[in-house]
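Take a look at the structure set out below.
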Amino acid sequence: MSVLPILEFPDPRLRTRAEPVRVFDAKLKQFVADLFETMYAANGVGLAATQVDVHQRVLVADMSDDRKQPLALINAQILEKEGSQVYQEGCLSFPGLYADVTRALKVKVKAQDLDGNEIVVEAEGPLAVCIQHEMDHLDGKVFVDYLSSLKRALLLKRLDKQRKQAASA
Ligand SMILES: [Zn+2]
């Protein structure tokens, strides 16, 4: 397994729309294992293939405290959404940046597992946020797209400042 480099905003490759996965082979399993390793190494709770510059509809998540509930969704589609919640989100492509985003409280998602079998996952609360956030990445969308332009400009300025400080440290 290997840790893959994560693209950081504003890398234009984060705007790529991912293609459906059609081949469920050993290469896909290896890629998913690498995604998990990359996510765990970065202390993230979710990661989409787009973020490692692979433009296929693959996402991984693990919201558990002990990091032992890996969830991999291939070709995920939202079947139903219910309610709404505001959750403070972060993103491995925006290190150190957090912002409140409003999303559905519950989602019912149809996807495929690593062998191509259809699975249906019902998620609520933080896991539902995570799945919606990662699915957005596969469509080239990032969480700051939900903010007002003023709020987004302020956050991106802060991100820029953090980067400059990190570069000069
Ligand atoms: Zn993200």
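Readers should treat all values here as calculations from the given coordinates under stated rules, not as data from a laboratory. Keep in mind that this is a model prediction, so the values were computed, not measured. Note that we place each Cβ from the backbone using ideal geometry, even for glycine, and neighbour counts take in every protein chain shown.
Below is a table of values for the structure above.
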{"quantity": "Cleavage-rule hits (trypsin sites (Lys or Arg not before Pro)) in the stretch 1-71: DSSP loop, at most 13 neighbouring Cβ within 10 angstrom", "calculated": "17, 22, 67, 68"}
{"quantity": "Net charge, residue 98 excluded, C-beta distance under 14 Å - Lys, Arg +1, Asp, Glu -1", "calculated": "+1"}
{"quantity": "Mean Cα-pair separation over length for the stretch 12-168, i.e. relative contact order, pairs under 8 Å, 6 or more apart, %", "calculated": "23"}
{"quantity": "Top positive-direction residue, dipole computed over the stretch 12-168 with Cβ charges, set 23, 70, 135", "calculated": "135"}
{"quantity": "Distance (nanometres) between label positions extended 7 Å along Cα→Cβ at residue 148 and residue 163", "calculated": "2.5"}
{"quantity": "Cα gyration tensor, the stretch 31-130 - rounded (a/c under 1.5), prolate or oblate", "calculated": "oblate"}
{"quantity": "Dipole axis of the chain (+1 Lys, Arg; -1 Asp, Glu on Cβ), positive-most option in 41, 144, 4", "calculated": "144"}
{"quantity": "Cross-link pairs beyond the 26 Å C-alpha cut-off, checked among 68/164; 106/161; 110/141; 68/151; 29/81", "calculated": "68/164; 106/161; 68/151; 29/81"}
{"quantity": "Within the chain, helix-based [θ] at 222 nm, where runs of 4 or more DSSP H residues each add -39,500 (n - 2.57), nearest 500", "calculated": "-9500 deg cm²/dmol"}
